[in-house]
Every structure is written in C-alpha cells, then in structure tokens.
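Below is one structure, written out as structure tokens; the observations come after it.
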Amino acid sequence: MPAKGKIRNMFDSIAADYDKLNHLLSLDVDKAWRKKAIREVRPGGKVLDLACGTGDFAIAIARALPESHVTGVDLSTGMLSVMEQKVRDLGLEGRIESEEGDGENLRFEDSTFDRVTNAFGIRNFEEKEKGLEEALRVLVPGGKLVILELSRPDNKVLRWFYDLYFLNILPKIGGSVSGDKAAYSYLPASVKNFPGKKEFTAMMRDAGFERVTHKALTFGICRMYTGCKPNNQ
C-alpha cells in the first residue's frame, strides 16, 4: 500500500478525469450501487462521507435526502476541488461542505454524525481498522456506517473475466485517458488486495459495530457493508 502522501498525489493527478473514467469503466452501474446504499443511509441527518473523492456519493445523498447535511472528507485537494465545483454548479453549497482530512484521524468530536458513509475508498486506508474505529467514534449511539466497495466476484468464471478486465484492460484505458497508467494499475490491484467479505465484516465487529451486514451487488463486483454503533456507547 502506498504511503498517504503518494495516495494523495496519485488522486490529485487523476482528479480531472476521475468522474468520466469511473462512469465509463463501470458502464454507469456505480450510480445504481449508490442508490441502493442511500436506502441504508435513510433518513440521513448529519452525514459524514469519508474519502469522498469528487463528491458523487455526497451529492447523491444530499439530493435524495433533502433534510440531510453532508460533510465530505478526503486527503486529495485535487479531488475536493472537483467536488466543490460540482456542488456549486448544483446549488448545494448550503447542504454539502468538504474539507481535507484523514479518515483514520478525524478532527470531529465523539457522537457528531447520524450516518458515516464511504464509497469505494476504504480500500485506500493504510489502517482500515483505525478508519472503522474513527467512524464508530464520531457516530451518535445507534448511528449507522454504510460502505460500498469494489470486490472480486465469488464465481470462478466471473472472477477470471473480472481479473482480465480490471488487471489488464482497465489500466490501459485509464492510463491512456488520464496519462497516469500507474494510478490505474494501483486501483484494480487495491481491489484485489482488499479483505474478503468474512474478513471485513469481522473487522467491523472487532471495531465495535453491531448488526453488521453484507450484501453482494452485481454478482459481487461491488459489496455493501453496514453496521451500527451500539446504543449504550
């Protein structure tokens, strides 16, 4: 795993093309995954979106849940700059705010947010356990964590095609469009190295979450994890 500084620089370098490539390479299925996750975020309230990137999930939450207020945190100022422009273009400045920050060392006080979310970013955390512990800390008692993350399908045949695409074809397309082949080689490799569903749900429970759930989306290409902070904390 690259150090935080390298990850920040990598995402800064691809920020301008990130949205276009994401939707192209996922055939826009990522939008459907976010819609499913928003059902778990309801009713919203004060929401913290970790590793918010260019703000797709934060914006989707704010638009779907009108009473919510979303704070996005990310290491990459380049990604945040794209997010802030999108928020301005949509007239959502009063509903969404963003700031540079580390999901493993949040500045917020305990029990601040009703929901904590993360879409396709937890795999980039150096210490995923620390990120989960921080998410638990800033949630109100009874609050919920909702995570979307890419993964390899369980089916061996699908996994073979998935690996062919993500490890061989995607880096070439992403590299040619963005000019940063290394970034688009790192991204699929980070998916391959992410813990399996059993390991990650165990990690969530070890961090202190209860009612932990897992759901495979689109044959397991994406997985949604949820967990709640105990009411007595």
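For the range 113-149, a tally of residues being touching a Phe, Trp or Tyr at 6+ places or on another chain (Cβ under 7 Å) and within 15 Å of residue 101 (Cβ to Cβ) returns 3. Selection of the range 48-100 for residues being aliphatic (A, V, I, L, M), crowded, with 22+ Cβ neighbours inside 10 Å and closer than 16 Å to residue 38 by Cα yields 48, 50, 58, 59, 61, 62, 70, 96. When 115, 123 are checked against the criterion of being of a type outside the set (A, V, I, L, M), in contact with a strand residue (DSSP E or B) (Cβ under 7 Å, 6 or more places away or on another chain) and in a helix (DSSP H, G or I), a single residue qualifies: 123. If the condition is being under 20 Å from residue 125 (Cβ atoms), out of contact with any helix residue (DSSP H, G or I) (no Cβ under 6 Å at 6 or more places or on another chain) and of a type in the set (A, V, I, L, M, F, W, C), then the range 48-71 contributes 48, 50, 51, 58. Within this structure, residue 158 fails the test of being in contact (Cβ under 8 Å) with a residue 24 or more places away in the chain, crowded, with 17+ Cβ neighbours inside 10 Å and out of contact with any Ser or Thr (no Cβ under 6 Å at 6 or more places or on another chain).
Please determine, by comparing only the residues of the range 126-147 that are touching a residue at least 40 places away in the same chain (Cβ under 8 Å), farther than 22 Å from residue 38 by Cβ and not in a strand (DSSP E or B), which one is nearest to the chain's Cα centre (by Cα). Step by step, filter the range 126-147, then rank; the result is 128.
Applying the criterion of at least 2 residues that are within 19 Å of residue 217 (Cα to Cα) to the helices (runs of 4 or more DSSP H) found wholly in the range 18-101 leaves 29-41, 56-64. One residue stands out in the range 193-233 among those that are in contact (Cβ under 8 Å) with a residue 60 or more places away in the chain and among the polar types (S, T, N, Q): the one that is farthest from residue 120 (Cα to Cα), namely 232.
What number of residues within the range 27-41 satisfy the criterion of being in contact with a strand residue (DSSP E or B) (Cβ under 9 Å, 6 or more places away or on another chain) and either of a type outside the set (Asp, Glu) or at pLDDT below 95 (or both)?
9
Scanning the range 216-233 for any residue that is modelled with pLDDT of 85 or more, of a type in the set (Lys, Arg), under 29 Å from residue 142 (Cα atoms) and loosely packed, with under 14 Cβ neighbours inside 10 Å turns up nothing.
Screening residue 162 on (1) among the aromatic types (Phe, Trp, Tyr); (2) in contact with a Pro (Cβ under 6 Å, 6 or more places away or on another chain); (3) within 17 Å of residue 57 (Cβ to Cβ) shows it passes everything except condition (3).
Yes/no matrix, rows are residues, columns are (1) part of a helix (DSSP H, G or I); (2) within 30 Å of residue 13 (Cβ to Cβ); (3) of a type in the set (Lys, Arg); (4) modelled with pLDDT of 95 or more:
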position: 185; (1), (2), (3), (4): yes, yes, no, no
position: 191; (1), (2), (3), (4): yes, yes, no, no
position: 204; (1), (2), (3), (4): yes, no, no, yes
position: 213; (1), (2), (3), (4): no, no, no, yes
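The values are calculated or read from the model by the stated rules, or taken from the named source; none is laboratory data. The model shown is predicted, which means the values in this text are computed figures rather than measured ones. So basically every Cβ, Gly included, is an ideal-geometry build from the backbone, and we count neighbours across all protein chains shown.
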